[in-house]
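Read the structure below first, then the notes.
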Amino acid sequence: MNIEHQPIDWKEIFHPKNIVLNLVGVAFITLALKGFMIPNKFLDGGIIGISILMHEITHLPFGILVLSLNLPFLFLGKRLLGKTFAIQSLITFLLIAGAMTFIHIDAVTTDRLLIALFGGCLIGIGMGLCIRSGSTADGVEILALLTTRKIGLNVSEVIFAMNTLLFLAAAWYFGIATALYSIVTYFSAIKSLDYIAHGLEQYTSLNIISSKSEDIKALIVKKFGKGITVIKGERGYLPDTFDMKTDCDIIVTVVTRLELLRIKDEIRKLDPKAFMFIQYIKEASGGILRNKQKHS
């Protein structure tokens with residue numbers, strides 16, 4: 001069935017966990033915008049940044065602007081990601097518009113560095129929580145997804161290009177200094193969003209080549225409770241001894257970034273000369289990804 005024609009999953013929309021995540025996310029976004037960014041004319045990227053810029057130029061209510069500018073992207077979201085996502089995102093847009101219209105928060109500080117760092121972190125956390133609830137707080141991500149399919153660039157590149165134009169406009173209207181601080185705000189936001197949306201337990205592929213491969217296999221499986229894959233390979237082929245080669249096991253395991261340092265330290269104790277390389281992965285499922293028992 002085409003994703004656009006899939007039925008709306010009301011249980012998913014009104015699941016208590018998703019409702020709480022969405023409400024808390026909108027609260028963080030509201031605090032960031034009203035307490036830090038808008039009173040000091042700081043921009044974020046995307047539709048929220050465009051809404052702040054238009055609010056300062058036209059003096060129209062920010063809540064109306066952010067809602068009206070985001071609404072057209074719901075039709076794209078429905079086509080690309082389904083009706084359930086579109087409904088959840090509509091709820092998020094309405095909550096942001098309502099909170100920005102009816103909730104009063106005084107400016108927390110006028111220090112530009114604090115605004116850039118804390119405002120960016122707060123709005124990033126809020127957007128990340130909204131994503132975890134199954135929605136989006138900014139329609140530009142949907143537009144970037146569509147553009148990616150049309151021109152072949154990845155989402156990050158498309159969003160960066162769009163936001164470059166926005167920050168150039170901010171530099172012209174607010175001045176270079178405010179635009180530069182707004183860029184710091186944006187990067188604080190996307191880093192915070194990454195941690196919240198993907199979690200501190202973002203998965204990493206650790207690859208190990210060692211002469212003590214059997215000991216390392218036992219360490220990873222028995223002490224850390226992780227699954228492993230063993231790839232048969234060859235080592236050698238050095239410039240001075242190109243014809244010399246030996247069979248070896250390439251041990252591959254998927255760990256979280258919180259586990260990575262501990263496992264690497266233990267491997268180095270077994271074999272200080274072990275060769276290790278790391279590959280960051282966006283998503284992993286199945287197998288043994290989390291060990292629920294406490295490590296000794």
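The values are calculated or read from the model by the stated rules, or taken from the named source; none is laboratory data. Predicted model, so just to flag it, every value in this text is computed and none were measured. FYI the Cβ positions are ideal-geometry reconstructions off the backbone, even for glycines, and counts take in every protein chain you see. Just the protein is used for accessible areas: all its heavy atoms, side chains included, with ligands, DNA and RNA removed. Shrake-Rupley method; radii C 1.70, N 1.55, O 1.52, S 1.80 Å.
For region 235-256, which positions are open to solvent by 70 Å² or more (accessible area, probe 1.4 Å) and either in contact with a Ser or Thr (Cβ under 7 Å, 6 or more places away or on another chain) or part of a loop (DSSP other than H, G, I, E, B) (or both)? Can you show your working first?
We begin by selecting, within region 235-256, every residue open to solvent by 70 Å² or more (accessible area, probe 1.4 Å); these are 235, 237-240, 242-247.
Within region 235-256, Arg235, Tyr237, Leu238, Pro239, Asp240, Phe242, Asp243, Met244 qualify.
Could you tell me how many of the residues in region 78-110 are open to solvent by less than 70 Å² (accessible area, probe 1.4 Å), closer than 28 Å to Val184 by Cβ and outside any helix (DSSP H, G or I)?
3
Only one of these conditions is not met by Phe277: (1) at pLDDT 90 or above; (2) within 29 Å of Tyr195 (Cβ to Cβ); (3) open to solvent by 100 Å² or more (accessible area, probe 1.4 Å). Which number is it?
The one condition Phe277 does not meet is (3).
Does Ser182 count as touching a residue at least 40 places away in the same chain (Cβ under 8 Å) and either surrounded by 15 or more Cβ atoms within 10 Å (Cβ to Cβ) or in contact with a Pro (Cβ under 7 Å, 6 or more places away or on another chain) (or both)?
So Ser182 passes the test.
Does region 217-232 contain at least one residue that is part of a strand (DSSP E or B), exposed (fewer than 13 other Cβ atoms within 10 Å of the Cβ), charged (D, E, K, R) and more than 26 Å from the chain's Cα centre (by Cα)?
Yes, region 217-232 contains a residue that is part of a strand (DSSP E or B), exposed (fewer than 13 other Cβ atoms within 10 Å of the Cβ), charged (D, E, K, R) and more than 26 Å from the chain's Cα centre (by Cα).
Restricting to region 50-95, name every residue that is in contact (Cβ under 8 Å) with a residue 12 or more places away in the chain, more than 20 Å from Ser135 (Cβ to Cβ) and not hydrophobic (A, V, I, L, M, F, W, C).
His55, Glu56, Pro61
Right, Ile208: part of a helix (DSSP H, G or I) and modelled with pLDDT of 90 or more or not?
The answer is no for Ile208.
Looking for something in a helix (DSSP H, G or I) and either in contact with a Pro (Cβ under 7 Å, 6 or more places away or on another chain) or among the hydroxyl-bearing types (Ser, Thr, Tyr) (or both) - is there at least one such residue anywhere in region 12-20?
Checked against the condition, which is being in a helix (DSSP H, G or I) and either in contact with a Pro (Cβ under 7 Å, 6 or more places away or on another chain) or among the hydroxyl-bearing types (Ser, Thr, Tyr) (or both), region 12-20 yields no hits at all.
Ile50 - would you say it is within 23 Å of the chain's Cα centre (by Cα) and open to solvent by 60 Å² or more (accessible area, probe 1.4 Å)? Let's see the steps before the verdict.
Details: within 23 Å of the chain's Cα centre (by Cα): yes; open to solvent by 60 Å² or more (accessible area, probe 1.4 Å): yes.
For Ile50, the condition - within 23 Å of the chain's Cα centre (by Cα) and open to solvent by 60 Å² or more (accessible area, probe 1.4 Å) - is met.
Restricting attention to region 126-136, which residues are in contact (Cβ under 8 Å) with a residue 60 or more places away in the chain and open to solvent by less than 50 Å² (accessible area, probe 1.4 Å)?
Correct list: Gly126, Met127, Gly128, Leu129, Cys130, Ser133, Gly134, Ser135.
For region 53-77, give me each residue that is closer than 21 Å to Phe36 by Cα, part of a helix (DSSP H, G or I) and open to solvent by 30 Å² or more (accessible area, probe 1.4 Å).
Met54, His55, Ile57, Thr58, Ile64, Leu67
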